[in-house]
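Okay, structure first, notes after.
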Number of protein chains: 2
Amino acid sequence: MIDPACPDAIEPVLEILDGKWTLLLLRDLFNGIKRFGELRRSLHPISPKTLTDRLRMLEEKGIVTRTLYPGVPLHVEYELTERGQRLQPIFAAMRAWAQSEGTCPKKEASESLLLKQ
Amino acid sequence: MIDPACPDAIEPVLEILDGKWTLLLLRDLFNGIKRFGELRRSLHPISPKTLTDRLRMLEEKGIVTRTLYPGVPLHVEYELTERGQRLQPIFAAMRAWAQSEGTCPKKEASESLLLKQ
DNA sequence: CCGAATCCACTAAGATACTG
DNA sequence: CAGTATCTTAGTGGATTCGG
């Protein structure tokens, strides 16, 4: 939809980050494997349709993998691919900006968690 | 719209980056002061309404400033604020990802790259 | 439990024409 | 030149229900 003219290209990222919930969804996945229901509760009040839509889109673009464990009840896990993990610096930059603006009351523990990587 | 629950908060950024054209618009502004017409041509085929909407939104959020130079013909300049400039690392992270994916043909290197594989 | 399938509502964005 | 004023369109996202 966007012309992929090259220098300074950020268009590929824009395609992936498109959608109201995508970034929030990725934030959850950066913390590890998640099940559908977990994501749904965490992103509340997202609708199941929207969550499915976003997950499928991310799967198509090679950002997440979907693993089905057959059985009743169903068990499905979503996990970031390598490609998806590499998006984390973008997320980190956003968090850094948000904190530099002091928009957040600023819990001092939040940073030590970040340094774990 | 989005619950500003705090730890790992990226919501303030999401509010700013919202909209189909916002990031592309910011990319232009990172390169310096721009006039309305310049932005319009650069972002073609954006409509004037949309461009105005986005610029006003960014102004409201303290990301850009609008300076009117009276006279005929009209002359208006848009420039990033300090706060807006600090968004650049996010943009840089996106660009880095896009290039690491090799989504871009990479110009003259593409041929030799092809031969090596 | 994890979705698929509908249907609907909302709003960002586009087209177009016009003005200070 | 730099917008504003309308109107229309399209695409998400929400609500709900149902199935494997």
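FYI, it's all coordinate maths here, none of it is from the lab. Computed from a predicted structure; not experimentally measured. Glycine gets a Cβ as well: all are built from the backbone with ideal geometry, and neighbour counts include every protein chain shown.
For A:Met57, go 7 angstrom from Cα along the Cα-to-Cβ vector, then report the distances to that same point in the other copies in nm, smallest first.
1.5
Peptide A:83-93: average number of partner chain Cβ atoms within 10 Å per residue?
For this peptide, the per-residue mean of nearby foreign Cβ atoms is 5.
Pairs A:Lys49/B:Lys20; A:Lys20/B:Lys34; A:Lys34/B:Lys20; A:Lys49/B:Lys34: which exceed 31 Å Cα-Cα?
The pairs that break the limit, which is 31 Å between Cα atoms, are A:Lys49/B:Lys34.
Would you mind calculating the gained length between B:Ala92 and B:Leu68 on full extension (0.36 nm times residue separation, minus the Cα-Cα distance), in nm to one decimal?
Working it through step by step, the gained length comes to 5.6 nm.
List the residues, sorted by chain then number, that are 5 or more residues from B:Thr81 or on another chain and whose placed amide H is less than 5 Å from its amide H.
Correct list: B:Val64, B:Thr65.
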